[in-house]
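Working notes, structure below.
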Amino acid sequence: MGIPTPAGDASGQPAEPGKRGKRAGRRRRAGAVTFGQLLTSAVESASERLAVVYEGRELTYRELDERSSQLARVLVAAGVGPGDVVAVGMTRCLESVLSVWAVAKSGAAYVPVDPTYPPDRIGHMLTDSGARLGLTLGVHRSALPDSPDWLVLDDPATIQRIAEQAGHPVSYADRVRPLHESHPAYVIYTSGSTGKPKGVVVSHTGIASVVAAKREHFGVTGESRMLHVCSPNFDVSVLELLLAFTAGATLVIAPPSAWGGSGLAELLAAQRVTHTILTPAALETVEPGPFEDLEMVAVIGDKFGPELVGRWASATRRMINSYGPTEATIAVSSSGPMDPNQLITIGPAIPGVTMLVLDERLRPVPAGVIGELYIAGAVLAQGYLNRRGLSADRFVANPFATDGNRMYRTGDLVRRAAVASGRAGEATEGEIEYLGRSDFQVKIRGFRIELGEIDTALTGHPDIDFAVTLGRELPSGATALVAYVLPRGGASVDTDELSEHVARSLPAYMVPSAIVVLDSIPLTPVGKLDRKALPEPVFAVREYRAPETDVEHLIVKVFGELLGHTDPLSMDDNFFELGGNSLIAARAAARLGAELDRRIAVQAMFDAPTPAALAEYLVETASDSDALALGPQPRPERVPLSLAQQRMWFLNRFDP
């Protein structure tokens, strides 16, 4: 079962065979701006301005428009058009952006497929979406299945085929069928409770209003340099593209390796990035440096505390909290510029969106009372692809609407601010405070995860009879996935082997940090699983071996602080077995680098995950450090303030 296609032509009447070439068949119904129109809206006014920058390669808006039109004509010639789905099977790069433009021009919807995902997950996404064709690069082709047919963009034959096409704009008359605003624009797969990811189908209808509101609120202009750092499988990546391209700004594409830490910090500075959207976890890994051009940092996808706001918000840099599920077209609300001394909220809704805080009987709750958040408006997705039952469960009738419109049940617990003073520690009336999930979903690195999908993968092992996975908050504040398993028939469980089994079917961020083997399942009086009675996880700690050198003492100290361990760590304790993950590793590398006055690659944390191994690595590579030696400098008449002191001065003057 594929994506439903609106019947008839743009006038609403059934299309007649063979009429596409006649003027009567070319008439378009006025409606919402389409995804393709948004992408190309600045081509005429900013034709010679830089549109895309990626690892030394650049394209102007004119070049991007011409090359994407050529590729779009190849797709159209293959019969691709509105109502179809095209897979974009590549990591973040210049070609991935070019592919999105081309698919949008053809009128089809695109589905991002990460070639680093496990083969089973890739296969399900391609089969479930009904992708008619795929676009990829030679480096990724071996990781992708044979079906659908793949167009390898850097293959010489494909390059020649594309070059033979005309580069002028693709019009509605060139497409294989009329394009409606209700056609899908893209399909994003999120974690599913059945063990398989589910596809969210987003139409053209609500995209323009979201982009217009966010562009104005974020202050993106033609002079901006917008960072494209979110994974293409994360719908915020769509917003990154549209914010840049609707404003005629430059999109700076971060290579897949620069997702956080020093790599991202260097990119922000070198490329003079002015605007970026990051998950809080990714932002935590970057030390706030002298990013003179960075005007705005938006965070989205998870909760965070005032400490992060204090590090990044300043007199010259706004920090904004945005909120929105994939099912409601990326982002439906944003806070104002944040202050570490004020309550963190997700702000009010953007124009055209209604955010309702309701109880379990769909009754509005008073301000200050916790309820579940429901969203209504044109931004709602069509639903879940091929999942009518789940769509009906999450997209429900709006009892407050007279036109029969729907609202989306987010599963998020929130409360509306009850005060209007705006004093320190308070929020403006009408703003909403996000409190967490109402179900058993968690967020890891901005990705929303259905824990049931992990349970399904665990119970797929022949020795496991029962499994339940929880998100446990570590002392460091990070969320770690902890799985509890019951062996089948007294079998002996090797947790390392079980982790490897799960990694073969799930992405790395969904593999549990710890697996606890149970003797029995704790139950409530009514026979349900008692989650509160599950034991606290014990992350593996080896026999204690004390640090000896200064470097070893420093590593043990940093590991313990970031992982929240009060007991002294052994030189042989494994950072990742103690609850560490890639983002905490980036923070550790940044902190160690600051203490030792040298650059430490995040990869070193993976290659040498114990204090002993990392200390040995640091000693061996000490001569490779490219840091400048510190030395005495002439003392100016007036000693400049540090960034932290400037922030303290500003806050004191702003709120004495």
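Quick rundown of the values:
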quantity	calculated
Residues satisfying the stated conditions in region 53-74, i.e. in contact with a helix residue (DSSP H, G or I) (Cβ under 6 Å, 6 or more places away or on another chain) and either more than 15 Å from residue 168 (Cα to Cα) or not in a helix (DSSP H, G or I) (or both)	54, 57
Count of residues meeting criterion [over 23 Å from residue 331 (Cβ atoms) and assigned to a loop (DSSP other than H, G, I, E, B)] in region 293-313	1
Selection within region 116-140 - in a helix (DSSP H, G or I), more than 23 Å from residue 106 (Cα to Cα) and over 20 Å from the mean Cα position of the chain (by Cα)	119, 120, 123, 124
Residue check for residue 173: in contact (Cβ under 8 Å) with a residue 24 or more places away in the chain, surrounded by fewer than 17 Cβ atoms within 10 Å (Cβ to Cβ) and assigned to a loop (DSSP other than H, G, I, E, B)	no
Boolean, residue 151 is in contact with a helix residue (DSSP H, G or I) (Cβ under 9 Å, 6 or more places away or on another chain) and buried (at least 17 other Cβ atoms within 10 Å of the Cβ)	yes
Number of positions in region 544-565 that are surrounded by fewer than 18 Cβ atoms within 10 Å (Cβ to Cβ) and farther than 21 Å from residue 516 by Cβ	9
Identity of the residue in region 488-518, in contact (Cβ under 8 Å) with a residue 12 or more places away in the chain and of a type in the set (D, E, K, R), that ends up farthest from residue 471 (Cα to Cα)	488
Top-ranked residue in region 279-294 [being over 21 Å from the mean Cα position of the chain (by Cα) and surrounded by fewer than 19 Cβ atoms within 10 Å (Cβ to Cβ); ranked as modelled with the highest pLDDT]	293
Any chance residue 258 is over 18 Å from residue 214 (Cα atoms) and under 15 Å from the mean Cα position of the chain (by Cα)	yes
Boolean, residue 66 is without any contact (Cβ under 8 Å) to a residue 40 or more places away in the chain, farther than 19 Å from residue 256 by Cβ and of a type in the set (D, E, K, R)	no
Sole residue being in contact with a Ser or Thr (Cβ under 7 Å, 6 or more places away or on another chain) and surrounded by fewer than 22 Cβ atoms within 10 Å (Cβ to Cβ), chosen from 307, 372	372
Helices (runs of 4 or more DSSP H) contained entirely in region 230-292, each with at least 2 residues that are in contact (Cβ under 8 Å) with a residue 60 or more places away in the chain and among the β-branched types (Val, Ile, Thr)	236-247
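The values are calculated or read from the model by the stated rules, or taken from the named source; none is laboratory data. On a predicted model such as this, the values are computed, not experimentally measured, just so you know. Cβ sites come from the backbone with ideal geometry, for glycine too, and all protein chains shown count toward neighbours.
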